[in-house]
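Step one of this worksheet: look at the structure below.
Read-outs: derived from the displayed coordinates by stated rules, not from any lab. Values in this document were obtained by computation on a predicted structure and should not be read as measured data. Quick reminder, even Gly has a Cβ in these numbers, built from the backbone with ideal geometry, and neighbours come from all protein chains shown.
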Amino acid sequence: MKLKPFRLERYLSKYEFSAPYLLCCSDCESFSIGEILDFENGTEESLFSLRLSYTESQGSLELRNHIALLYNGISSKNVLVHAGAEEAIFNFMNVTLNDDDHVIVHSPHYQSLGDIARSLGAHVTEWQGDSGKDWQLDLNFLEDSLTERTKLLVVNFPHNPTGYLPDKNFLADLSMLSNKYGFIVFSDEVYRFLEYREADRLPAFCELNERAVSLGVMSKSFGLAGLRIGWVVTRNKDIYKEMASFKDYTTICNSAPSEYLATVALRNREPILTRNLEIIRNNLKSLNVFFSKHSDLFQWSPPKAGPIACPRYLGGSVDEFCHRLVTKKGVLLLPGSLYHEKYDFFRIGFGRKNMMKCLKKLAEFIEDSKNLGMNTD
């Protein structure tokens, strides 16, 4: 197994902790430890008395119980906790795929959702969303791409990085196709609960299909990336057993303080999600105004969920645009080439409180370029 460099993460490592204006973040505004403990009386004392010993490999029972409450028809025995979503993706791919298996991946996608499969010898077909139709997916393409070796379909709703969200009938069709052709569905749902309209929220795939695997994490919707707590939920007993065993070769178990703080946060998920959605909705209003004003430079299609979106840059090279922006104004956007060399969009993030300061700097960059008679790239 030989993995390629993770383009997006290498790019972030270069700028994320030096650029003063992060306008590409995929997570929501975070909380301090004190803010999490303030949700309940007695939590500070409980945290300070916590023994820093090994934890249960599958995750503490209390944590798994609270994760299970995020789903319908799911119990703690269906939940396997990991050190973030990345470990869960890595472990799942390793126990599920063999050399020459065929995988179909919803694209554009987080690199590990496709490249881990490739590193294991699987053949990967990218199921591209249509940027001209709000990133919609074509079911006919999916069916035409299926082969007798198709082992796995990877989907991501709400979608990273576009904010695309299909309807419930579409999800039901995918489950039906899974049952008909026998492929497993791995459903990345790390932005679930950040739908702008609650009525648009999809059921988790593990609820619909007993062979499917749903992915969740504290990093995105809950804004608690520093906890490094993620999970898979599945009623597929074979996959659960194999992943639990494989985890003995990765993290074995999770951080005790992280599991405790994640449990407190999940007990108080409603105020956390409400706050995050309020930030997102307010920032999205400002983005709609901004992109309307600069429609000569950007093609903007508002997303349906989540704190990120992918405007198309119309002024030339998106790589040069993002490079000049971060070097001249300290504003970090992610060029679409980090997902695929031919993409002309960039990822913008709007789940944090300081987005308006970042957007102001972007506006200054555009104005400065116009005053100098220069293209923004």
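Some points to look at:
- Considering only Asn91, Asn72, Asn160, the Gaussian network model of the chain with Cα springs below 10 Å gives its largest mean-square fluctuation to Asn72.
- Computed about its Cα centre, the charge dipole of the chain is approximately 600 debye, with only Lys, Arg, Asp and Glu carrying charge at their Cβ.
- At full extension, Asp99 and Lys77 could sit 4.9 nm farther apart than now, given 0.36 nm per residue minus the alpha carbon distance.
- Sparse-neighbour loop sites [chymotrypsin sites (Phe, Trp or Tyr not before Pro); the stretch 12-100; at most 12 other C-beta within 10 Å; DSSP]: Phe17, Tyr54
- When the alpha carbon gyration tensor of the stretch 1-61 is reduced to an equivalent ellipsoid, the three semi-axes, largest first, read 33, 22, 10 Å.
- Each residue of the stretch 70-85 is assigned a 3J(HN,Hα), and the resulting list reads 6, 10, 9, x, 10, 10, 4, 5, 9, 10, 10, 8, 10, 7, x, 6 Hz, derived from the Karplus form 6.51 cos²θ - 1.76 cosθ + 1.60 (θ = phi - 60°), x at Gly and Pro.
- The Cβ shell under 11 Å around Tyr21 holds other residues with a net charge of +4, Lys and Arg each +1, Asp and Glu each -1.
- One decimal place: the segment Ala172-Glu270 gains 32.5 nm when fully extended, by the rule 0.36 nm per residue minus the C-alpha distance.
- Modelled label positions at Asn288 and Arg197, each set 7 Å beyond Cα in the direction of Cβ, lie 1.2 nm from each other.
- Gyration tensor verdict on the stretch 327-377 (Cα atoms; rounded if a/c is under 1.5, prolate if a/b is larger than b/c, oblate otherwise): oblate
- FRET E, pair Gln128, Arg149, Förster distance 22 Å, beta-carbon r, rounded to 0.05: 0.60
- For the chain, the antiparallel share of DSSP beta bridges with both residues in that region comes to about 45%.
- On full extension, the segment bounded by Lys370 and Glu242 gains 40.3 nm, given 0.36 nm per residue less the C-alpha separation.
- From phi via Karplus (6.51, -1.76, 1.60), per-residue ³J(HN,Hα) for the stretch 228-241 in Hz, x at Gly/Pro: 6, 10, x, 6, 10, 10, 7, 9, 7, 5, 5, 5, 4, 4
- Arg51-Ser317 FRET efficiency (beta carbon distance; Förster radius 51 Å; 0.05 resolution): 0.40
- Binning all Cα-Cα separations of the stretch 211-315 at 5 Å, short to long from zero, yields these whole-percent fractions: 2, 10, 15, 15, 14, 13, 11, 9, 7, 4, 1.
- Reciprocal mean inverse distance between Cα atoms of the chain - Kirkwood radius, Å: 21.5
- Calculated from backbone phi, Karplus (6.51, -1.76, 1.60) coupling profile of the stretch 350-365 in Hz, x at Gly/Pro: 9, x, 10, 5, 8, 4, 5, 5, 5, 5, 4, 5, 5, 5, 4, 4
- Here is how the number arises for the chain: DSSP H runs of 4 or more residues each give -39500 (n - 2.57), the sum is divided by the residue count, and the result at 222 nm is -12000 deg cm²/dmol.
- Summed side-chain charge close to Leu70 - residues other than Leu70 whose Cβ falls under 10 Å, Lys, Arg +1, Asp, Glu -1: +1
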